[in-house]
Ligand SMILES: [Zn+2]
Ligand SMILES: [Zn+2]
């Protein structure tokens, strides 16, 4: 039973269940998420790949290739295979979206191709304090903004403060006006999986997305699960959902609703069409209640 | 907005009952301490006060009083009144155990009385990043693993073990009674309580810190929640529970159990006497599963 494909399948399912974001309903649906890599050509050298239960991107320039998350070792091998279908140029950069293992395992595959690994600097503490043999250490890090160029094709690595994690990079492709946002926004969904918003910063989350909207003229986004692409409105909608959730929980606290009853008391009819609303709204509200109780 | 969609196949396997709407306590819960007076004398000039399911200590010396977590504005007023019942000496210090709002709101009354508010330096990030009008900023901080706060011939030893529950928690040792004031890392006799979500804990660093605390010299611990006295072995029991939980979750994952069934499959008979075992074990397990998937 211990075939590589089974192990892979299980790890996909686990990843999908336990990140804050569930795999979206698009993509090849199997009980274990998407099997095999599936690449979408966005145009002008930008591609997005779904593999290993998550989604990443790669950008082909005149001088080389930049890759987003490696996802996992088997997924990284698949992603490399997908890249090699369109170009033989060297892999210059890998950029980690944040520090979570369901996105950043497998970097070694690209490092062996000569890639330099980048992350936002706050990720270093997490990666070094909690080493994982499958997670390659970043070679370089940045604080607020870093532009990487692979030859007439650039990406801006932007840090807008804590949101889904405290080291999430918004990867902006100015030529395409597309931003790659991993886990912080799952288009038109509540915060999914168990709904617990693992490792997230509930209030700063809103500020972070607001900053992204204010500072970056993106028109579309590529998410880190599901996808492949959603309009700018998906980000705005997610920010508004988060704010509405914060406001609703706060209103219940102020009203004196017993804490144990607050999660079920919250209702946000304006957002009832979001994916996962019925299943996870109360769990999302529970997490927000903890925020108001302990500031975490 | 997209129409409501059903969850992808993978989600059907996920735990959906992770969150119980009826959990009463939200903070790091403990067996609720209903019995006894709100202020207990533990030694010569050494007291513990409890309100709103949280607990602190205070130390009376010839030159003034060292107070600790104010809990909330309401509790702080009560706390000050309790201090005034045993001494007229001024409150010179207010020491924060960590940054969470269920422990550190309400310091203003002490500040107004002239107290110096003290925390570990690492807390400042949180206080600045996510200010709370009820939380008074520390006037003084210390860096590094230990600081001895001396007043009127008595010493309160402050120890910092790095990241564990947040990354600025200090354990306070009172040599006169050979006891420690230990907030949230151990809530005696229970599984990790409250919501069961193991709020803001880093599991591996938590275990490491507990080992370091076990090696300290003390006869009993005063918990930040729960009874005023619990034996040294309460720390060991919590550490062993966490280790057993991590081993059980990992081996369940390795054995190929369907991801959504893992948390519910965990059994730790050795620990079934712990308070909240039946109610919260699965949620504790789900948090540990997130650790193995996300590295968080
Ligand atoms: Zn993540
Ligand atoms: Zn706490």
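Label separation (residue A:121 vs residue B:77): 4.5 nm, computed from points 7 Å beyond Cα along the C-beta direction.
From least to most packed, judged by other beta carbons within 10 angstrom and beginning with the fewest, B:125, A:73, A:169 follow the order B:125, A:73, A:169. Stretching the chain fully between residue B:265 and residue B:112 yields a gain of 49.8 nm (0.36 nm per residue, less the alpha carbon separation).
Going by how many other Cβ atoms sit within 10 Å of their own, how do B:86, A:185, B:91 line up, fewest first? List each step's numbers first, then the result.
Values: B:86 14, A:185 29, B:91 23.
So the residues, fewest neighbours to most, are B:86, B:91, A:185.
Spin-label model, residue A:112 to residue B:243: label points 7 Å out along the Cα-to-beta-carbon direction sit 3.6 nm apart.
Applying 1/(1 + (r/R0)^6) with R0 = 45 Å to the Cβ-Cβ distance of residue A:44 and residue A:132, what FRET efficiency is obtained, to the nearest 0.05?
Values: r = 34 Å, r/R0 = 0.77.
With R0 = 45 Å, the Cβ-Cβ based efficiency is 0.85.
Please find, in a Gaussian network model of chain A (springs between Cα atoms separated by less than 10 Å), the residue of A:94, A:147, A:60 whose mean-square fluctuation is greatest. Among A:94, A:147, A:60, the largest mean-square fluctuation in the Gaussian network model of chain A belongs to A:147. Between the stretch A:124-187 and the stretch A:43-80, the C-alpha centres lie 14 angstrom from each other. For chain A, modelled as a GNM whose springs connect Cα atoms under 10 angstrom apart, the maximal fluctuation among A:160, A:126, A:100 occurs at A:126. Here the simple spin-label model places points 7 Å from the Cα toward Cβ, and for residue B:146 and residue A:257 these points are separated by 4.9 nm.
With both residues required to sit in the stretch A:4-294, DSSP beta bridges show an antiparallel share near 65%. Looking at the protein assembly as shown, what % of its DSSP beta bridges pair antiparallel, to the nearest 5? In the protein assembly as shown, approximately 65 percent of DSSP beta bridges are antiparallel ones. Listed from fewest to most Cβ neighbours within 10 Å, the set B:48, B:119 follows the order B:48, B:119.
Taking B:232, B:100, B:128 as the candidate residues, the one with maximal mean-square fluctuation in a Gaussian network model of chain B, Cα springs under 10 Å, is B:128. The calculated 222 nm mean residue ellipticity attributable to helices in the protein assembly as shown amounts to -10000 deg cm²/dmol, summing -39500 (n - 2.57) over DSSP H runs of n ≥ 4 and dividing by all residues.
Only Cα pairs under 8 Å and at least 6 apart count here; give the relative contact order of the stretch B:193-271 as a rounded whole percent.
Details: 44 pairs, mean separation 17.0, N = 79.
Contact order relative to length: 22 percent.
Secondary structure note: in chain B, about 65% of the DSSP beta bridges are antiparallel. Less than 19 Å from a label point 7 Å out along the Cα-to-Cβ axis of residue B:125: which backbone N atoms in the stretch A:165-206 qualify, by residue? Answer for the stretch A:165-206: A:165-170, A:198-206.
No value in this document is a laboratory result; all are computed from the given coordinates. From a predicted model like this one, the values you see are computed outputs, not experimental measurements. Using ideal geometry, Cβ is built from the backbone for each residue, glycine included, and neighbour counts are taken over all protein chains shown.
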